[in-house]
Amino acid sequence: MTEDQDVPLTIALAEYEHLRELSRAVHDQSAARFTFFLAVATAATAVSAGLITTGGTPGGPVRPAVLAGLGVLVLLLGIAVFARQVELNDRGRRYAVAATVLRTWLTRRAPELAAYVMMPTLDDPGPFAPEPFRRHWFRDLVSQAGMIAVVNSVLVALAAALAVLAVGPVWLAATVAALVVPGSLALHVRAIRRRVAGSAAQVGLVLDRRSLPPTERAVVGTGETYA
């Protein structure tokens, strides 16, 4: 069989290229949504600061409802973008694992080429340290989804503090805000980690069913990082 008639290789290379394009699309979408959210949050903060420092709107004194409305809009957008960001990150990891599996097939098919493939395979992680699914919580917190979680948590804490301030002293409002921020962050990070753990378990089942040992190196050694 000639190279032009090597149907399995042709299909594998086409699938690998398709996965590469899908991974790029996920990365671009993720970056675009994160940038958009930061732009909206920054603009809302600038408008709020301007209203407060100038003492009001063209039609009269600044109304708390205006600032509250801006905060609610940013928070709703933040929740939606956060959920989508977690989904895109999960999809990107699955694409990366799929590419790793295909590289494994290619290197097993041509063992003499394996030493020159730097990206990880199921047999060799290469020079890239695998990204563990059970990674430290701080890694999730400083990701793009984590940064959105920080903004969401600050908005929730601010809303709680203002609600308490309407009926209670300043110290109580500050205490409530200080408690709400870490609590909200913990919920966001928990959502990220649960999604990653669920994805790892599902990928492991597929690899096991196809007689590809679902070891931590095999599942996670993709050589690609998703924020």
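The values are calculated or read from the model by the stated rules, or taken from the named source; none is laboratory data. Keep in mind the model is a prediction, meaning the values are calculated, not measured. FYI the Cβ positions are ideal-geometry reconstructions off the backbone, even for glycines, and counts take in every protein chain you see. In case anyone asks, the SASA skips ligands and DNA or RNA and just uses the protein heavy atoms, side chains included. Shrake-Rupley method; radii C 1.70, N 1.55, O 1.52, S 1.80 Å.
In table form, for the structure just shown:
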read-out: FRET efficiency, 1/(1 + (r/R0)^6) with R0 45 Å, evaluated for Asp28 and Gln5 via beta carbons; value: 0.80
read-out: Area accessible to solvent at Tyr16, 1.4 Å probe radius, in Å²; value: 60 Å²
read-out: Heavy-atom accessible area order for Thr121, Thr10, largest first, 1.4 Å probe; value: Thr10, Thr121
read-out: Built amide H within the under 5 Å cut-off of Asp123, gap 5+; value: none
read-out: Val72 accessible area, assembled protein chains, probe 1.4 Å, Å²; value: 80 Å²
read-out: J(HN,Hα) series, region 195-202, from Karplus relation 6.51 cos²θ - 1.76 cosθ + 1.60, nearest Hz, glycine and proline x; value: 5, 5, 5, x, 5, 4, 5, 5
read-out: Note, ³J(HN,Hα) from phi for region 66-82, Karplus 6.51, -1.76, 1.60, rounded to Hz, x at Gly and Pro; value: 5, 5, 5, x, 4, x, 5, 4, 5, 5, 4, 5, x, 5, 5, 5, 4
read-out: Note, ³J(HN,Hα) from phi for region 99-104, Karplus 6.51, -1.76, 1.60, rounded to Hz, x at Gly and Pro; value: 5, 4, 4, 5, 4, 4
